[in-house]
1. Assigned to a strand (DSSP E or B) and in the same structural domain as T45 (by TED's automatic domain parsing): is that true of T159 in this structure?
2. Tell me the residue from L229, L196, L260 that is aliphatic (A, V, I, L, M), more than 30 Å from S7 (Cα to Cα), in contact (Cβ under 8 Å) with a residue 12 or more places away in the chain and in contact with a helix residue (DSSP H, G or I) (Cβ under 7 Å, 6 or more places away or on another chain), please.
3. Considering only region 58-100, how many residues are of a type outside the set (S, T, N, Q), surrounded by fewer than 17 Cβ atoms within 10 Å (Cβ to Cβ) and outside any helix (DSSP H, G or I)?
4. Among the strands (runs of 3 or more DSSP E) lying completely within region 1-53, list those that include at least 2 residues that are surrounded by fewer than 20 Cβ atoms within 10 Å (Cβ to Cβ).
5. Scan region 24-31 and give yes if some residue there is more than 16 Å from ligand 2 (Cβ to nearest atom) and either at pLDDT below 95 or of a type in the set (K, R) (or both), otherwise no.
6. So how many residues does region 4-23 have that are in contact with an Asp or Glu (Cβ under 7 Å, 6 or more places away or on another chain) and at pLDDT below 95?
7. Output the number of residues of region 194-221 satisfying the condition of being farther than 16 Å from R270 by Cβ and either within 16 Å of ligand 2 (Cβ to nearest atom) or outside any strand (DSSP E or B) (or both).
8. Checking S141 against (1) more than 16 Å from ligand 2 (Cβ to nearest atom); (2) assigned to a helix (DSSP H, G or I), which test does it fail?
Amino acid sequence: MGDNIISTNKLSITLGKKKILKDITFEVKEKEIFGFLGPSGAGKTTTIKLLTKQFIPTSGECMVQVPRESIGILSDNSGAYERLTVYRNLSFFAELSKVSNKKVEEILKKVKLWEDKDKKVKDLSKGMRQRLLLACAIIDSPKLLFLDEPTAALDPATTEEIHELLLNLRKNGTTIFLTTHNMEEADILCDRVAFLNKGEIVELGNPKDLKLKYAKDTVQILFDDDCVLDVKCDVNSIMKACKENSSKKIKSIHSQEPNLAEIFLSLTGRELK
Ligand SMILES: Nc1ncnc2c1ncn2[C@@H]1O[C@H](COP(=O)(O)OP(=O)(O)OP(=O)(O)O)[C@@H](O)[C@H]1O
Ligand SMILES: [Mg+2]
């Protein structure tokens, strides 16, 4: 991981009379997938709008170290030309960015829309539409990609296809800033995540480190009679529990790491929905 591609310093914005983002400071490193997680209304889309200069901060700063033409965006109001075909839509974007027709074919195959290239956008399913929007966002091989809930309301199979694609993009050097409410998605994809709650970052880190940080200090022992014991995580307590149950066999011993959704809940008292 290299330099910072995005950095913000006490970034704040007030819209109407409401302070939407309050002094948020974070960095996004080159070639990482950075997850911005928070419930509806937390300020995720607003942050993307600030980073892509659609909004001006009320105070604080944000810096994005790539030129505008090297940025791809899939936002919640991205749209395609409904009466044109899939192919025509993408080739239109390709012409704007002076990208070859060969690349159009390559990207349509990548997002698994090649077979549907002659369908009109108005006849596409939600998942196909989302894959087309993603294709439009990546046709120009962006260095930095903003994705605002790229898999919201998609079925598990399409979601998985999009995840595979994003991991491949990262492998090829694209930095990705992604918002989601989906903690499993964040866990699978993100090198680091920031938890946003009511316009403030309440935690930031690598998912694995966060799970360790918030792990309970107990282990769960499952015996062969299906009896389950939560035992304090020190050798004496574990030995004592084992001695007291010495007539049984142990089926499993698990440390109790919370998932990201549980960590968010314990920090904020709120679900991520
Ligand atoms: N142009 C605007 N004018 C006034 N308020 C706005 C504007 N845009 C967003 N807001 C408010 O800012 C807050 C954060 O909105 P934002 O769209 O950033 O949330 P979000 O985290 O993306 O939520 P979701 O998960 O539902 O997409 C909300 O209270 C919203 O009403
Ligand atoms: Mg949003």
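The values are calculated or read from the model by the stated rules, or taken from the named source; none is laboratory data. What you are looking at is a predicted structure, and each value in this text was computed from that prediction instead of being measured. Cβ: placed from backbone, ideal geometry, glycine included. Neighbour counts: every protein chain shown.
1. Details: assigned to a strand (DSSP E or B): no; in the same structural domain as T45 (by TED's automatic domain parsing): yes.
No, not satisfied.
2. Numbers: L196 fails: more than 30 Å from S7 (Cα to Cα); L260 fails: more than 30 Å from S7 (Cα to Cα).
That would be L229, the only listed residue that is aliphatic (A, V, I, L, M), more than 30 Å from S7 (Cα to Cα), in contact (Cβ under 8 Å) with a residue 12 or more places away in the chain and in contact with a helix residue (DSSP H, G or I) (Cβ under 7 Å, 6 or more places away or on another chain).
3. Selection size over region 58-100: 11.
4. Working: elements: 4-15, 18-29, 33-37.
Of the strands (runs of 3 or more DSSP E) lying wholly inside region 1-53, those with at least 2 residues that are surrounded by fewer than 20 Cβ atoms within 10 Å (Cβ to Cβ) span 4-15, 18-29.
5. So the first thing to find is which residues in region 24-31 are more than 16 Å from ligand 2 (Cβ to nearest atom), and the list is 25-31.
Remaining after also requiring either at pLDDT below 95 or of a type in the set (K, R) (or both): 29, 31.
The answer is yes; a qualifying residue exists.
6. 0
7. Of region 194-221, the ones farther than 16 Å from R270 by Cβ are 204-213, 215-221.
Right, trim to either within 16 Å of ligand 2 (Cβ to nearest atom) or outside any strand (DSSP E or B) (or both) and you get 206-213, 215-217.
The qualifying residues number 11.
8. Result: S141 fails condition (2) only.
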